[in-house]
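**Student:** To start, I am sharing the structure in question, which I have written as structure tokens.
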Ligand code: GUN
């Protein structure tokens with residue numbers, strides 16, 4: 001058997017195209033959707049994500065109000081910037097790129113963002129709304145995973161989904177969304193404290209790998225016919241690559257393809273969906289600000 005490889009790049013492009021149409025329609029009515037991305041410092045992965053976001057904003061026709069602060073910027077400076085973006089009616093979405101430098105309290109910064117502009121879905125109000133199924137903003141990567149499952153026609157209703165990883169950004173929210181009534185899966189969350197991980201992953205109809213460990217999910221850990229969603233983005237050294245590294249997922253891809261029914265690749269799987277869902281959330285924030293949603 002060879003798995004169907006889910007083309008996240010193509011799905012993300014189609015989401016962005018839909019967003020672009022709605023951005024244009026909203027603009028005709030006088031609201032130009034705008035996102036402010038705040039980057040502090042020069043973390044290479046963060047710089048690369050922020051560059052991707054700027055490209056997507058241009059593609060969907062949104063305004064880009066990005067701000068780059070130096071790595072030694074004071075926490076108070078960042079908080080003052082967030083306050084000014086909160087107060088600016090021309091800014092609909094605010095995203096502070098994580099991780100922040102060590103001297104800045106991440107939780108404090110996230111909590112300073114107006115929940116109405118929290119297009120990352122990281123504010124406790126957004127998290128709470130997601131958990132109780134109220135409208136808000138869904139975090140981009142977990143939401144992207146759900147959209148990929150839906151577009152690939154993967155049934156979640158009554159299935160056993162096993163999530164490996166319990167981060168606030170991916171593992172926890174994806175487990176909540178899979179267990180929500182709309183998806184209706186039965187969910188197991190595994191983490192670094194799980195004993196005999198493979199005994200759980202082998203039960204998964206849907207396996208979501210979000211542990212951040214390169215190729216930790218090997219083919220023998222996958223139930224034949226399972227759908228495997230790889231959220232891992234790991235840089236591994238590769239002297240033959242132009243940049244000296246390449247990206248691999250949490251799943252040992254080629255052997256896993258022989259066992260799974262569906263699988264997402266890395267790159268071009270879940271990754272592009274994160275930015276596409278960010279564009280969708282920013283559009284939603286702009287529509288809400290305009291009284292249209
Ligand atoms: N760093 C890695 N992923 C993300 C994300 O989705 N949002 C933010 N703000 N920072 C990140």
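Throughout, read-outs are computed from the coordinates displayed, never taken from laboratory work. What you see is a predicted model; the values in this text were computed from it and never measured. FYI the Cβ positions are ideal-geometry reconstructions off the backbone, even for glycines, and counts take in every protein chain you see.
**Student:** For Cα pairs less than 8 Å apart in space and 6+ apart in sequence, what is the mean separation divided by the residue count of the stretch 68-134, i.e. the relative contact order in percent?
**Tutor:** 31 percent
**Student:** Which residues in the stretch 257-293 place their backbone N less than 18 Å from a point set 7 Å from the Cα of residue 243 along the Cα-to-Cβ direction?
**Tutor:** 265-276
**Student:** Oh, and also: How much FRET efficiency would the formula 1/(1 + (r/R0)^6) give for residue 191 and residue 220, where r is the Cβ-Cβ distance and R0 is 30 Å, rounded to 0.05?
**Tutor:** Once the sixth-power term is evaluated, E becomes 0.90.
**Student:** So, R0 is 22 Å and r is the distance between the beta-carbons of residue 51 and residue 168; what FRET efficiency does that work out to, to 0.05?
**Tutor:** Computed FRET efficiency for residue 51 and residue 168: 0.35.
**Student:** Go ahead and estimate [θ] at 222 nm for the chain from helices alone: -39,500 (n - 2.57) per DSSP H run with n ≥ 4, summed, over the residue count, rounded to 500.
**Tutor:** Using -39500 (n - 2.57) per qualifying helix, the result is -12500 deg cm²/dmol.
**Student:** Which angle between 0 and 90 degrees, to the nearest 10, do you get for helix 8-28 versus the longest principal axis of the chain when only C-alpha atoms count?
**Tutor:** 20 degrees
**Student:** Pull up the DSSP beta bridges for the chain and report the antiparallel fraction as a percent, rounded to 5.
**Tutor:** The antiparallel proportion sits near 15 percent.
**Student:** Mind pulling the angle between the C-alpha long axis of helix 140-151 and the longest principal axis of the chain? Nearest 10 degrees, somewhere in 0 to 90.
**Tutor:** Taking the Cα atoms of the chain, the angle to 140-151 is about 50 degrees.
**Student:** Also, quick follow-up: Put a dot 7 Å past each Cα toward the Cβ at residue 235 and residue 24; how far apart are the dots in nm?
**Tutor:** Once both label points are built, they end up 3.8 nm from each other.
**Student:** What length, rounded to one decimal in nm, is gained on full extension from residue 107 through to residue 2, with 0.36 nm per residue of separation minus their alpha-carbon distance?
**Tutor:** Stretched out fully, the residue 107 to residue 2 stretch lengthens by 33.5 nm.
**Student:** Moving to a separate point now. Set the Förster distance to 51 Å, then compute FRET efficiency between residue 66 and residue 157 from the Cβ-Cβ distance, nearest 0.05.
**Tutor:** It comes to 0.80.
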